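Colleague: Dumping the structure here so I can ask a few things about it.
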Amino acid sequence: MQFARRMGQLGTETAFEVLARARALEAQGRDVVHLEIGEPDFDTPAHIVEAACEALRNGYTHYTPAAGIPELREAIASDATKRRGIEFSPEDVVVTPGGKPIMFYSILALVDEGDEVIYPNPGFPIYESMIQFAGGRPVPIQIEEARDFSLDVEKLCDSINERTRMVILNSPHNPTGGSLSRADLEALAATLEKFPGVTVLADEIYSRMLYEGEHVSLASLPGMRERTIVLDGFSKIYAMTGWRLGYGLFPRELVAPVTRLMINSNSCTASATQIAGVAALTGSQEPSERMVAEFRRRREVIVNGLNQIEGITCTMPRGAFYAFPNITGTGFTSRELADLLLTEGGVATLAGTAFGSFGEGYLRLSYANSIEAIEKALARIAETLEKARSTAGSGAPA
Ligand SMILES: Cc1ncc(COP(=O)(O)O)c(C=O)c1O
């Protein structure tokens, strides 16, 4: 079969491949601690599940308007207004099956062949994949440990030029847990004033999982609302990854083209899932708050534990639920160590390079797992490295 040329440009998300390898080992009877996949280990809160069951019984089994049911668009706009301190209206919202389609649609709608798109590296792998798929030119900005994994906004601003069509931000950041400050965003906003053709895609899916400082949305800064697409969703904060429910808050002129992309690809988001979304936003936030408090506790356990392992150092992530330890002291590459930990240690992690070339020298460990599992993983990592050192003789392995 001859595939279309564009398929050669399409990347992937390694987390799903590692999960499949880990499951295959489990099928052979091996015990694996899962720190690879980016999803809360919590169940969706019961009142949300109940709302969806009731919706199905009440006939929410049909197509809905492509951009989402009015009740959900309203609930999203009112939640976004409250949380981001600027006015959003239901007409600004497009509801999609998960947050990912917002990347896909925004890039397809705005990026032409050869247009430059600036994005974080290491970063969520789908950004680069989608930029290339659309024929755009990816312009990575390295997210550096030396800067506490906060984006170098000066470097970012220096990279913007007449060919730049889009800037992608992600705060709190997957995979490093870094975040953007108000001062960073103000500096970016000042530069963007000189480049009216640039739209920003602000991926804020972890905005309610910030352990230090305040979350600031670029959209809330003067003049930025009409230049910024805010991506958010239910997968992480309401532990709803399998439901597939996300949304974008768009500059008004983008709403119709993005809705048309929805009509062409999905028709609409599942109707009972949308009712579940209304229940999530309008019901008790206590389960989400409890989950984030638990992630905060686990963050301390995993980072402190990693720092006690020879060859590994780890900075304290400010948000999301990932640790991004520096493993250069082990003598292994990211890929080698991730493979060794999975096959020998029974710990599934992701190589930093799964998030782009600047991820070399790091691993990503999701701490969306119990303290007990995290402690078991830490002990296995230490033991696997110890064993590798002793078989390689003295000093670090080659
Ligand atoms: C930074 C970032 N953005 C967006 C998403 C997509 O989330 P969803 O599962 O809602 O499509 C993820 C999921 O891992 C993510 O890490």
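The values are calculated or read from the model by the stated rules, or taken from the named source; none is laboratory data. Keep in mind the model is a prediction, meaning the values are calculated, not measured. Positions of Cβ are generated from backbone atoms using ideal geometry, with glycine treated the same way; all protein chains shown enter the neighbour counts. The area values use the complete protein model at the heavy-atom level, side chains included, leaving out ligands, DNA and RNA. Shrake-Rupley method; radii C 1.70, N 1.55, O 1.52, S 1.80 Å.
Colleague: Filter the stretch 364-398 down to the residues that are surrounded by fewer than 17 Cβ atoms within 10 Å (Cβ to Cβ) and among the basic types (Lys, Arg) and list them by number.
Modeller: Hits for the stretch 364-398 are 376, 387.
Colleague: So, in the stretch 322-337, how many residues would count as being closer than 21 Å to residue 174 by Cα, open to solvent by 40 Å² or more (accessible area, probe 1.4 Å) and either in contact (Cβ under 8 Å) with a residue 60 or more places away in the chain or outside any loop (DSSP other than H, G, I, E, B) (or both)?
Modeller: Total satisfying the criteria: 2.
Colleague: Going by the structure shown, is residue 105 of a type in the set (Phe, Trp, Tyr) and either without any contact (Cβ under 8 Å) to a residue 60 or more places away in the chain or within 16 Å of the ligand (Cβ to nearest atom) (or both)?
Modeller: Yes, satisfied.
Colleague: Here is a check on your reading of the model: is residue 165 of a type in the set (D, E, K, R), open to solvent by 20 Å² or more (accessible area, probe 1.4 Å) and in contact (Cβ under 8 Å) with a residue 60 or more places away in the chain?
Modeller: no
Colleague: Is it true that some residue in the stretch 244-261 is crowded, with 20+ Cβ neighbours inside 10 Å, aromatic (Phe, Trp, Tyr) and within 30 Å of residue 384 (Cβ to Cβ)?
Modeller: no
Colleague: For the stretch 338-363, give me the residue count where each residue is polar (S, T, N, Q) and open to solvent by less than 40 Å² (accessible area, probe 1.4 Å).
Modeller: Number of matching residues: 1.
Colleague: On the given criteria, is residue 90 surrounded by 12 or more Cβ atoms within 10 Å (Cβ to Cβ), over 30 Å from residue 286 (Cα atoms) and away from the ligand (no atom under 14 Å from the Cβ)?
Modeller: Answer is no for this residue.
Colleague: Looking only at the stretch 46-77, count every residue that is touching a Phe, Trp or Tyr at 6+ places or on another chain (Cβ under 8 Å) and either on the phi > 0 side of the Ramachandran plot or among the hydroxyl-bearing types (Ser, Thr, Tyr) (or both) and tell me the total.
Modeller: Qualifying residue count for the region: 1.
Colleague: Just to be sure I understand, how many residues within the stretch 1-59 are touching a residue at least 24 places away in the same chain (Cβ under 8 Å) and closer than 24 Å to residue 103 by Cβ?
Modeller: 16
Colleague: Condition first: in contact (Cβ under 8 Å) with a residue 60 or more places away in the chain and on the phi > 0 side of the Ramachandran plot. Now tell me which residues in the stretch 344-387 satisfy that.
Modeller: The answer is 346, 356.
Colleague: Look through the stretch 143-162, keep the residues that are open to solvent by 60 Å² or more (accessible area, probe 1.4 Å) and in contact with a Gly (Cβ under 9 Å, 6 or more places away or on another chain), and return whichever of them is farthest from residue 320 (Cα to Cα).
Modeller: 162
Colleague: Follow-up. Whether any residue in the stretch 130-137 is within 18 Å of the chain's Cα centre (by Cα), touching a residue at least 12 places away in the same chain (Cβ under 8 Å) and part of a helix (DSSP H, G or I) is what I want to check.
Modeller: yes
Colleague: Filter the stretch 1-53 down to the residues that are open to solvent by 80 Å² or more (accessible area, probe 1.4 Å), part of a loop (DSSP other than H, G, I, E, B) and of a type in the set (A, V, I, L, M, F, W, C), then identify the one that is farthest from residue 365 (Cα to Cα).
Modeller: The extreme case among them is 1.
Colleague: Separate question: Filter the stretch 277-293 down to the residues that are open to solvent by less than 40 Å² (accessible area, probe 1.4 Å) and either among the hydrophobic types (A, V, I, L, M, F, W, C) or touching a residue at least 12 places away in the same chain (Cβ under 8 Å) (or both) and list them by number.
Modeller: Passing the criteria: 277, 278, 279, 280, 281, 283, 287, 288, 291, 292.
Colleague: Taking the stretch 108-134 only, how many residues are more than 15 Å from the ligand (Cβ to nearest atom) and either in contact with an Asp or Glu (Cβ under 6 Å, 6 or more places away or on another chain) or aliphatic (A, V, I, L, M) (or both)?
Modeller: The number of residues fulfilling the criteria is 7.
Colleague: If you don't mind, there's one more thing I want to ask. I'm told residue 223 meets every condition in (1) more than 17 Å from residue 102 (Cα to Cα); (2) in contact (Cβ under 8 Å) with a residue 40 or more places away in the chain; (3) open to solvent by 10 Å² or more (accessible area, probe 1.4 Å) except one. Can you identify the failing condition by its number?
Modeller: Of (1) more than 17 Å from residue 102 (Cα to Cα); (2) in contact (Cβ under 8 Å) with a residue 40 or more places away in the chain; (3) open to solvent by 10 Å² or more (accessible area, probe 1.4 Å), only one is false for residue 223: (2).
Colleague: Filter the stretch 57-85 down to the residues that are outside any helix (DSSP H, G or I) and open to solvent by less than 40 Å² (accessible area, probe 1.4 Å) and list them by number.
Modeller: 59, 64, 66, 67, 68, 69
Colleague: Please give the helices (runs of 4 or more DSSP H) falling wholly within the stretch 171-284 in which 3 or more residues are within 15 Å of the ligand (Cβ to nearest atom) and more than 26 Å from residue 134 (Cβ to Cβ).
Modeller: Because the criterion is at least 3 residues that are within 15 Å of the ligand (Cβ to nearest atom) and more than 26 Å from residue 134 (Cβ to Cβ), the helices (runs of 4 or more DSSP H) in the stretch 171-284 that meet it are 271-282.
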